[in-house]
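Since the structure comes first, as structure tokens, the remarks are kept for the end.
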Amino acid sequence: MKVPIFFVAALLGSHINASVIDRQATTPCAAVGIAAKAYKVNSPGTYDCLLSAPLNPTAATALIESILPYIEWQSSSSYLKSPPPGYQFPSVDIFARLYAILDNIKTGVYNNEHAFQTDLLLMFQSVHDGHFRFSPDLLSRALVFRRPIQVVSISLDGLEVPRVYLRDTIDSYVKRNSTTMPSPVVKVNGENVDTFMMKLAEVGFLQDKDGLYNNLMYEMAFDAQSPSYRYTGYFALAGRYGYFYPGSDTTIELENGTISTIQNYAEVVGNFEGVVDGPSLYERFCTGPHRQAVNYAEEEMPQAPEPPPLPPTAKTPAHGYPTPQIISSDQQVSGYFLNGTGYEDVAVLSMLSFSPSYPIEFQSVIQTLISDAKAAGKTKLVIDLSSNGGGNILTGYDAFRQLFPHIVQDGFSRLREHEAFKIMSTGISRYSANFSTASEYSKDYFAHGSVLNYRYDLNVTDNKFSTYEDKFAPHISNGDEYTNLLRWDLNDPTTTVNDVWGLGETITGYGNRQNFTQPFAAEDIIMVYDGYCASTCTLFSDFMRVQAGVKSIAMGGRPNTSLIQGVGGTRGANNYQYEYIRLLSTVALETATAEEQANWTKTIKYTDLPANRSTDCSVNVRDNILRAHIKDGIPAQFLYEPADCRLFYEPRMISDVTTIWKRAADAAWGGRKCAAGIS
């Protein structure tokens, strides 16, 4: 269960008296169970509870050993160990780090389970790749920490270097239409605010420091994307930041001398029934659920859900956003026409993610917006990608082709090869030799549509790979073996129109969607970023920026006046959950001869232990390789490519997203200055 435990009163510094709770409990964990019912969990007490979970060295060792085979799939491992010039973070040898954790377990370095899991989480976070994830069970299943303070980074006039403010003071400033700015934050817990913020930011998973800095702030786009999540910004310890203990309280000092100390708290996300001490805490949260194995061999094709009517007619706005011209039923994609003098010809396409409930509806919203915009005489388009952490790969491809139907997207990617990969690709290719679209069994589509099937995908010249060696003969880059470069085959119906295993639609530029015309000139489109753009969002952005020549604006960033990147999230092309890899291995092993079975099982050692001991575990399996880097092989993840223009957030932008869109239009076409870059 998830228990809401903090009320508005806490924002004002009032607290629930915990003395009654403390008298009823003899251990910190028993107190947590009682306090959860009182809607308040004391932060130091909950931390003491977590620290009381004993380390089980045998189980901890087994967990690390079970993770190691999966991270062989991390495509960037050699580049992390030896990054190219310009990479913003220290090198990380992920294998050496895990073996060091193993050694720490054996030598008694960790005093408890919490210390072990924190070290493990920090290793994954240090890679700064949102596809490379492992959220350990004790840290993510029991309770998470919260700081009841939201902050924003604001420039008064859009040109002076921004400063950090408490969000509620900026909201009040805007509502009162005041001419006197509130006092900025100068210290947090006695430390210079900029120093504190960057130390906190770098615990995050983005590959860009300005994007990490932005993530600490409250932003309306995240609220709109997932209103039930109650996004507060990572300074308030949203997301994985909540796995780290922030201390019992937070002290904020403003420039005007005001000092406030606010109690941090913990939010119970797990069921503490029966948890009375450290050992029972460990038993409850660190022994893993018992999952039922998926048996693809017996599963027939599932039924696809019915999409809503197309195009959607409801116009319920996303949380905090204006009434749209058109919006999807899940509110992930929407279109707007700007009002006001000077903006009569501007339309806006907001894509909060590429994770639609119904991909065909996402496609329909974009198509309808374009049609309506052209009919209304709109000649310019602002594309807002704020909060867009990616999603369905081909949804991003289709969005690009609707805007540039005659530019064939590059989309070059590759996978790291290792012994298990070679065995599994042999088995999957063998299994898929006689695939037929007449099959009624899920496993057949699962294997056919795998990158491990050499017949699937296209090469760089858009032709099929003719043999196993054609696709999988190793290519050396930075000392590692990789597959040949490959691209998605968007003429394959199992990838596109199949509404169960594919996207459920034809991608624009293919099949019956080839007669489209380009709706806007490249110079009449501007992309707006908040630094969070990741995964599919980065693929879409590369197509737009590199191939179509569309310019971009990066919002916010650290307190300086340099140009910054707009794309701050992972630039990996594809990730796999651990369980997906394990399922692939079971299908591959079905094709083995008796002799192969004996040899293959010595190498393929995937278990469900990591998935059982975490709430999320994933690796980046495909590097994204831009055309300019085909020869040197450097993945896009390790490139630094600043946007064309940088804008700072201004006060009204915190509560009125249209002011961001208008400011972007002014910078792109109205001659207004950027804080850095084009004007």
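Nothing in this text is a laboratory measurement; each read-out follows from the coordinates by a stated rule. Since this is a predicted model, take the numbers as computed values, not measurements. Cβ sites come from the backbone with ideal geometry, for glycine too, and all protein chains shown count toward neighbours.
Here are a few things to note about the model shown:
- Listed by chain and number, the lysines whose alpha-carbon sits under 29 Å from that of residue 422, ignoring those within fewer than 8 places in the same chain, are 81, 443, 464, 471, 602, 605, 631.
- Convex hull (Cα only) mean projected area of segment 209-293, reported in nm² to one decimal: 9.7
- Computed log₁₀ I(q)/I(0) - Debye formula, equal Cα scatterers, no solvent, the chain, q 0.08, 0.10 Å⁻¹: -0.65, -1.03
- Unit charges on C-beta of K, R, D, E only; dipole of segment 137-205, Debye: 280
- Calculated on the Cα set of segment 103-233, radius of gyration then Dmax: 18.1, 62 Å.
- Annotation: extensible slack from residue 106 through residue 195 equals 28.5 nm (criterion: 0.36 nm per residue apart, minus Cα-Cα distance).
- Applying the Karplus relation 6.51 cos²θ - 1.76 cosθ + 1.60 with θ = phi - 60° to segment 665-676 yields 3J(HN,Hα) values of 5, 4, 5, 6, 10, x, x, 7, 5, 8, 5, 7 Hz, where x marks Gly and Pro.
- With R₀ set to 35 Å, the beta-carbon distance separating residue 368 from residue 179 gives a calculated FRET efficiency near 0.25.
- Within segment 94-173: Cβ-based charge dipole about Cα centre, in debye rounded to nearest 20 (Lys, Arg +1; Asp, Glu -1): 220
- Label-zone membership for segment 357-387, site residue 627, 7 angstrom Cα→C-beta point, backbone N under 17 Å: none
- Computed over Cα pairs, the Kirkwood radius of segment 475-559 leads via Stokes-Einstein (0.692 mPa s, 37 °C) to a diffusion coefficient of 202 µm² per second.
- Using bins of 10 Å that start at zero, the share of Cα-Cα pairs per bin across segment 330-411 amounts to 17, 49, 29, 4, in whole %.
- In order through segment 123-132: 3J(HN,Hα) via Karplus (6.51 cos²θ - 1.76 cosθ + 1.60), integer Hz, x for Gly, Pro: 4, 5, 5, 5, 6, 6, 9, x, 8, 9
- Computed FRET value (nearest 0.05) for residue 466 with residue 590, which takes r as the C-beta separation and R₀ as 25 Å: 0.50
- For residue 566, nonlocal amide neighbours, meaning residues 5 or more places apart or on other chains whose placed amide H falls under 5 Å from its own, are 643.
- Taking θ as phi - 60° and the Karplus parameters 6.51, -1.76 and 1.60, the scalar couplings of segment 502-508 work out to x, 7, x, 7, 8, 6, 4 Hz in sequence order, x denoting glycine and proline.
- Relative compactness, segment 407-544, computed as alpha-carbon Rg over 2.2 N^0.38 Å: 1.21
- Theoretical FRET efficiency, 1/(1+(r/R0)^6), r = Cβ-Cβ of residue 319 and residue 26, R0 35 Å, to 0.05: 0.20
- Three-way shape label, segment 584-642, alpha-carbon gyration tensor, a/c 1.5: oblate
- When the Cα convex hull of segment 566-679 is projected onto planes of every orientation, the mean area is 12.7 nm².
- Reachable aspartates and glutamates from residue 315, criterion Cα separation under 12 angstrom, eight or more residues apart if same chain: 330
- Point-to-point label distance, residue 678-residue 255, nm (Cα→Cβ direction, 7 Å offset): 3.2
- Under a 5 Å amide H cut-off, with hydrogens placed 1.01 Å from N, residue 249 pairs with 264 among residues at least 5 apart or on other chains.
- With pairing defined as another cysteine C-beta under 4.7 Å, the cysteines of the chain that fail it are 286, 617.
- Unit charges on C-beta of K, R, D, E only; dipole of the chain, Debye: 1060
- Extending 7 Å from Cα along the Cβ direction at residue 517 and again at residue 491 yields two label points whose distance is 2.6 nm.
- The shape of segment 509-548 can be summarised by an equivalent ellipsoid whose semi-axes, obtained from the alpha carbon gyration tensor, come to 23, 15, 8 Å from longest to shortest.
- Segment 520-574 pair-distance distribution - Cα-Cα, 5 Å bins, rounded %: 4, 20, 27, 23, 16, 8, 1
- Volume of the convex hull of segment 456-609 (Cα atoms only), normalised per residue: 210 Å³.
- Between residue 161 and residue 601, the contour length at 0.36 nm per residue exceeds the Cα-Cα span by 152.5 nm.
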